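As structure tokens, the structure follows; a few thoughts come after it.
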Amino acid sequence: MFFRMTDVATPPTAENTTSQQVPPAPSVKVIVTHVEGADLHAALATIARQVYEAVESVEIVGPPDMEVEEGVTRYETMEDAISETGTEIDYLWLIHSDARPRPDALAALVGELDRSEASMGGSKILVAGTRGELESIGSATDIFGEPYSGLDEGEVDLQQYDVVREVAFISSVSMLVRRDLMQGLSGVDPQMKPGAAGLDLSQRVRLAGGRVLIVPSSEVYHQGRCGVQRGWREQAGRQRAMLKAYRLLTLAWVIPFGLIVALIDSVASLLLLRWRPLARHGAAIGWNLIHLPSTVAARRRFRRVRAVGDEELFRFQASGSVRLREVGSDFSDQVLFMFDEDHALIRGTRRVWASPGIWGAVLAAVVVVFATRSIFLGGTPIAGYSFPFEAPGTALDRFLGGWNDSGLGSPNSVHPSTGLTGLASLLWFGAEDATRNLLTLGFAALAVVGMGRLAGRLGFRGPGRYLSGLVLLAGPGTALAAGVGSWLALGGAALLPWSVRSVFLHDSDRGKSYWTHVGWAILWALALAAFSPVLVVVPILSLLIWKLSGGTEGRLILGAASILGLAVAAGFLLADPGWLLDGDRRVGLSIDGFWPILIVLAAAPMILVPGRTRRLASLGAVLALVGVLLSSVSVVGPGIEEAALVIASFGSAIVVAAAFDLLSRNPLRLIAAATAVYIVVLSVGSLADGRLGLLEGDTNASLGFASTLAGEGGAGRILVVSENRSEIPGEARPGPGFWYRTLDGEGTTLDEVWLPPPAPGDDELRAAIGRIATGAELRPGELLADFSIEWVVVAEGPGDFEEILAAQLDLIPTPLVPGSSVYENPAAMPLAHEDVEVWRRDGAGFVGEPSSGRTTISANFDPGWSPESGEAGWATSVSAEAGVARFRSTGPSRVLPLAAIGVLLAALVSLAVGRFRR
Amino acid sequence: MTRYLMLALIGLLAVAAALTPQPPLPVPGDIAASDPPAVAVCAVEEGRGRTTSLGIVSVVNGRGRFTAFAGGRPTGSTIFETGSSGSTSIPVVDISAVGIAAGLAELPDIDTGVGSVVVGEETLSANTCASTPARQTILGGGSTLSGESLELQLMNPYAGEAVVELTVVSEVGIESSDTLATVIIPSRSSIVLDLAEILPGRATLSVIIDTIRGSVIPVGRFANDIDTAIWSATPPQQDWFLVSPGGEGRRSVIVSTSSPADVNYQIDVYGPDGLVEAMIEGVIPGRGIISVDLSTLTDQQVAIRVISTGPVASFLRLDRDSGVGLTSGSTSPSTKWLMPGAASVGESTTLVYILNPDIEDATVTVSERRSATTAEQFPVPADSLIVYEVSEISADGLAIESDVPIVATWLTIRESSLALATGVPVLDG
């Protein structure tokens, strides 16, 4: 035997100078596995160039129709090839036809196995056509058989792994196995694909007492046509290998854990919009179920040669789950990518700070952490227009045509945010409070990252693009909206840049399928419309302004697609047009008069200076001024008012992004930058409270006495009255000299922020309150009893109403809320009752003891209640026979949410098609 | 070109945004016109040889309810009907034997008067029940000299607790007493403060009652060796009419102010010589009290009008050997008066004093309200005061109608006791 090459693992052997007889070199039979598409002749040629001389024969395993060179034997199966091997052969070299071994590859393998007395050895596999990119250097697995190479993607061979060592398994691309062992183990498993077969064979060799080595001095270039380790068949094969190798005791816990890992991997991958892992897991499990008998038979056969326990396998296994580790890594990559569009972090820490946007991102991230500290520590406030989420099942029921419980109830659609937040809570394991906090924190991140990504898509990489997100969060309009507790406006602001971004295409996005862009445009618009429906017009409006100023990045079809997002809010808007058009329902927020001056001062210089920021500044200024102007119009309703405030901040943020994009000594640019700094400082000020500017407080905690002191039917309603509108949570109705609304005593939830249009019950309540306000009613509790008003809270007293309630007989003042006057109404009727039998809430309906009577529900009458709904004055009555009362809308409130789901599915299909085509 | 277009658009929007006025803040609806409930809160007393009878006189035939309460709960209740006469009487003893307590009358109409008449063996007192609680009231006219008793009863018939702050003013100035600083009156309860024990030896006392929370109706209970008197505290006003019987004894007008600043006042007298304007003028010190002895002017019945530059409360006190009476004045003349409880006590004489402060003569009709109502009509010349003696047949009360606005007070005399009360003006009359 003669070694021409030397390496660390195989030091040169001194030549024998004595006359001792040299033992003959071990004989080797080469078995080439046919790989579809691989050049067999080239493979045979490289084998022929091997310097190892004791090659007895070269045989091929492949289909019958393949052409083979003269003198080369072909077998249909590997099993045949192995079993036909005679005892004169010491080793079998199994190699793929898409592998190109270096001339000394076989010699190194034989030499090392012979020297180490190992049973099986594998070559170092390099990716063909690269400058030494490593594919395999021997692998470990986790307990579930998932391979773990330890190699980074694209890692180049610098001989850093060139140590002969034992490994869990070696690649089947090139492996040398002792002939006798191979025959004893019945060869490779014909049911398995090459990668899994390698794993299976390695494991069996080790359990039979053999050693498996990686021999780095044996280098093989691999073209990768065989698709080793990819596809569901490989996964199924690895599972079969485990089923064959592990003892029953090990399998008893590995199988359940494996199923859990598969489930988590599938769900997590779906969140990353990857459906294949789910399909792969399903197919692999199904395949193994089908092939379970042959697996059991193989286990029995192997039992006879097994020499050691499972501990031998555990020796080389990685801890935990490789699959879950990869999913976690993918998640972190996605999050990182949101901030690091330039891939600065990926390029390496030394060059990170050279990325122009990173400084702004870091500064914005610091401010965001500071601005959300109270939410981290104490959760999202529940005050003003910020209400907690309802239980996901009930919220989704309401969104899909269930009863709208706001005020005295209505068949009209709830605000679309009810559906989205219900879905989010459902996905977050039903923990609605945690979901709400996560979403609130997510808003801050989304706003900052969204502005950065939007500017990036429009071709701007300056330091201000992330910083401008702070202006979006707390600029002239959003600060006002958040100041009254408008959590929905904050959500709308956070999603707006993403939705606008989705209708623009950068040159780097051209590679993606148009289906992908359409899908994203619809998805973002759906989410945006769920929070603030009117904002859906902003993407297409931005696109038109961009085109008007000469931009080419926008796509009208994407803008048109984004309008489909309105589907999620169609039911709500059609049922309550006053939300858009009734000026009397405005919250009453106006942007200070100096903001238009600041915006012009920041934008105009950039428009005058030649350069690419001109267009961005124009877009921002126009949007901001439109927002300011719209917020000053008194005839629009709260929906448009809210959107106008967000648009004003969004436009201002774009102006800031433009002003910071390119800092220079140009006087005009300096004016713009200085004004932008002023805008940022003004905006950041409102974030100092640590609540993202949201109104402080916890309405449900303040009014928690209602549920604490509730009777068997649960808490009734709370009538909140105040001369100061901001003291009333959510929307309020005008009364004589004060504002009022009813709240759910069990705790007010997001679906109740806005009040549906008044129904007969609301008119009667208004009349009753009007009468009480005159002071004429000595027993106001009796008057409010039918509305199930158990508590009257006069906020921020004393006022005229409190003065009147000082001289009445049946509302009992109870000192429960500091700063407010609380009155208990012992005469209040339960929300639902059948004679004296009280029914309790059950989701969006009621349940109680079945009886032959009728149950009165203190909610505006609608025939959608069942069973056998009837009018009980303004209220509803149903038959009590079933012991349950449910509402199901039959009108547009039922159909339109389904249409929204259809649009959502269409968007997802579009994304899937886009991914497939890419 | 594009940039100038954008600049123009931005300029246009900026100008529009700057020039568009900020929209007005949303405001609630108009404040509801006050429409106080038809109720009256009465001081009642059962026991110690005294019993209370409620006289009810209304302009309508309707149904009502009277509920006596004490210690935070109702102690008795009765439904009543005013019948065709528009009047009725309720003996409180038939409802509840509650001692010194209070009651709430829910009335069939806002134009209904309720008076409580407390009759003892040798004492008699009457008071018109208050209907509307006020934030600030003043109770003047009492004294705590030797042999005298003065109690302040604070009544709270409503569902909520009430808190009042008391400021007591006497001839020595503002009195200081921790007991009187802040008083809590539980719901459906009344509290009686014995001022004679807290502040003995005061010749003239006035109590300013400021309600901090809830609603309170205060009344005073005065007693001397001869008789008792009950009268209501009243919100301060700038114009008062008081009608005083003539004859023996001392007749005092007590004027008290809650204003921290000095208040000028003028007293016009309607006496035998007709109207004498500004017969008496003076200054009431801030949160002070003055007393004018009408007996020094004439022994005839007189009416006076107190006009002040600040809010004051005026009371008339009648001290005779045959009894004592105290009442607050009226703030305005009216064409219709109700005198619940007047002429309801048997074996007594009831006199009605009618002042016509108008420049025209009045034709007045006095109706004695009972199951068989009787009425008598007579003229009252302008700027003059006349006395009308009611028949001896017991009635639930009186109703007086006039073609010009008048002021009316009634006095019931029974051997060694008397009762003095001002009528209830029907404001829309």
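What the table shows:
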read-out: So A:Ile591, is it surrounded by 19 or more Cβ atoms within 10 Å (Cβ to Cβ) and either part of a loop (DSSP other than H, G, I, E, B) or in contact with a strand residue (DSSP E or B) (Cβ under 6 Å, 6 or more places away or on another chain) (or both); value: yes
read-out: Output for the range A:539-556, where each listed residue is part of a helix (DSSP H, G or I) and over 26 Å from the mean Cα position of the chain (by Cα); value: A:Leu541, A:Ser542, A:Leu543, A:Leu544, A:Ile545, A:Trp546, A:Lys547, A:Leu548, A:Leu556
read-out: Any hit, the range A:859-882, residues being surrounded by fewer than 17 Cβ atoms within 10 Å (Cβ to Cβ) and touching a residue at least 40 places away in the same chain (Cβ under 8 Å); value: yes
read-out: Residue check, B:Leu139 farther than 20 Å from B:Glu197 by Cα and part of a strand (DSSP E or B); value: no
read-out: Residues within the range A:725-745 that are surrounded by fewer than 20 Cβ atoms within 10 Å (Cβ to Cβ) and away from chain B (no Cβ under 11 Å), tallied; value: 0
read-out: Flag if A:Ser686 is hydroxyl-bearing (Ser, Thr, Tyr), within 14 Å of another protein chain (Cβ to nearest Cβ) and farther than 19 Å from A:Leu784 by Cα; value: no
read-out: Residues satisfying the stated conditions in the range B:9-26, i.e. over 18 Å from A:Ala617 (Cβ atoms), crowded, with 18+ Cβ neighbours inside 10 Å and touching a helix residue (DSSP H, G or I) at 6+ places or on another chain (Cβ under 7 Å); value: B:Thr20
read-out: Residue match in the range B:126-135 (condition: in contact (Cβ under 8 Å) with a residue 12 or more places away in the chain, assigned to a loop (DSSP other than H, G, I, E, B) and away from chain A (no Cβ under 14 Å)); value: yes
read-out: Yes/no for B:Thr228 being free of Cβ contacts under 8 Å to residues at least 24 places away in the same chain and of a type in the set (Val, Ile, Thr); value: no
read-out: B:Ser330 vs. criteria small (Gly, Ala, Ser), within 24 Å of B:Ala40 (Cβ to Cβ) and in contact (Cβ under 8 Å) with a residue 40 or more places away in the chain; value: yes
read-out: Those residues of the range B:153-187 which are touching a Phe, Trp or Tyr at 6+ places or on another chain (Cβ under 7 Å) and surrounded by fewer than 23 Cβ atoms within 10 Å (Cβ to Cβ), in sequence order; value: B:Ser187
read-out: Residue satisfying condition, being surrounded by 24 or more Cβ atoms within 10 Å (Cβ to Cβ) and either at pLDDT 90 or above or among the β-branched types (Val, Ile, Thr) (or both), within set A:Ser123, A:Ser97; value: A:Ser123
read-out: Members of the range A:34-48 found to be modelled with pLDDT of 85 or more and exposed (fewer than 13 other Cβ atoms within 10 Å of the Cβ), listed by number; value: A:His41, A:Ala45, A:Ala48
read-out: Subset of the range B:61-119 that is in a loop (DSSP other than H, G, I, E, B) and acidic (Asp, Glu) - its residue that is surrounded by the most Cβ atoms within 10 Å (Cβ to Cβ); value: B:Asp111
read-out: Whichever residue in the range A:817-828 is of a type in the set (A, V, I, L, M, F, W, C) and more than 13 Å from chain B (Cβ to nearest Cβ) and, among such residues, is nearest to A:Gly697 (Cα to Cα); value: A:Val817
read-out: Selection status of A:Leu625, at the interface with another protein chain (Cβ under 10 Å from one of its Cβ atoms), within 20 Å of B:Pro21 (Cα to Cα) and out of contact with any Gly (no Cβ under 8 Å at 6 or more places or on another chain); value: no
read-out: A:Glu782 being assigned to a helix (DSSP H, G or I), within 25 Å of A:Gly873 (Cβ to Cβ) and more than 9 Å from chain B (Cβ to nearest Cβ); value: yes
read-out: Matching residues in the range A:209-265 - criterion: being among the hydroxyl-bearing types (Ser, Thr, Tyr) and buried (at least 19 other Cβ atoms within 10 Å of the Cβ); value: A:Ser217, A:Ser218, A:Tyr221, A:Tyr246
read-out: Scope the range B:28-62; condition among the charged types (D, E, K, R) and either at positive phi or modelled with pLDDT of 95 or more (or both); matching residues; value: B:Arg48
read-out: Which listed residue, of A:Trp546, A:Trp520, is among the hydrophobic types (A, V, I, L, M, F, W, C), touching an Asp or Glu at 6+ places or on another chain (Cβ under 9 Å) and assigned by TED's automatic domain parsing to the domain that holds A:Ile640; value: A:Trp546
read-out: Candidate set: the range A:749-776, residues that are without any contact (Cβ under 8 Å) to a residue 60 or more places away in the chain and β-branched (Val, Ile, Thr); chosen: the one surrounded by the fewest Cβ atoms within 10 Å (Cβ to Cβ); value: A:Thr774
read-out: Single residue of the range A:594-622 satisfying the filter (of a type in the set (Lys, Arg) and surrounded by fewer than 24 Cβ atoms within 10 Å (Cβ to Cβ)) that is nearest to the other protein chains (Cβ to nearest Cβ); value: A:Arg614
read-out: Test set (1) within 14 Å of chain B (Cβ to nearest Cβ); (2) buried (at least 22 other Cβ atoms within 10 Å of the Cβ) - A:Leu548 fails condition number; value: (2)
read-out: Any hit, the range A:646-660, residues being touching a Pro at 6+ places or on another chain (Cβ under 8 Å) and at pLDDT below 95; value: yes
read-out: Search result, residues across the range B:27-78 that are within 11 Å of chain A (Cβ to nearest Cβ) and charged (D, E, K, R); value: B:Asp30, B:Asp35, B:Arg65
read-out: Residues that are without any contact (Cβ under 8 Å) to a residue 12 or more places away in the chain and assigned to a loop (DSSP other than H, G, I, E, B), drawn from the range A:28-66; value: A:Asp65
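Results for (1) more than 23 Å from the chain's Cα centre (by Cα); (2) more than 21 Å from A:Ala624 (Cα to Cα); (3) of a type in the set (Ser, Thr, Tyr), shown as yes or no for each residue.
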{"residue": "A:Ala395", "(1), (2), (3)": "no, yes, no"}
{"residue": "A:Ser406", "(1), (2), (3)": "yes, yes, yes"}
{"residue": "A:Gly409", "(1), (2), (3)": "yes, yes, no"}
{"residue": "A:Gly422", "(1), (2), (3)": "no, yes, no"}
{"residue": "A:Ser425", "(1), (2), (3)": "no, yes, yes"}
{"residue": "A:Gly430", "(1), (2), (3)": "no, yes, no"}
{"residue": "A:Leu446", "(1), (2), (3)": "no, no, no"}
{"residue": "A:Ala479", "(1), (2), (3)": "yes, no, no"}
{"residue": "A:Gly483", "(1), (2), (3)": "yes, no, no"}
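A quick yes/no check of all residues on (1) in the same structural domain as A:Gly761 (by TED's automatic domain parsing); (2) buried (at least 24 other Cβ atoms within 10 Å of the Cβ); (3) β-branched (Val, Ile, Thr):
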| position | (1), (2), (3) |
| --- | --- |
| A:Leu778 | yes, no, no |
| A:Phe787 | yes, yes, no |
| A:Val792 | yes, yes, yes |
| A:Phe801 | yes, yes, no |
| A:Ile812 | yes, no, yes |
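The values are calculated or read from the model by the stated rules, or taken from the named source; none is laboratory data. The structure displayed is predicted, hence computed values, not measured ones. Cβ: placed from backbone, ideal geometry, glycine included. Neighbour counts: every protein chain shown.
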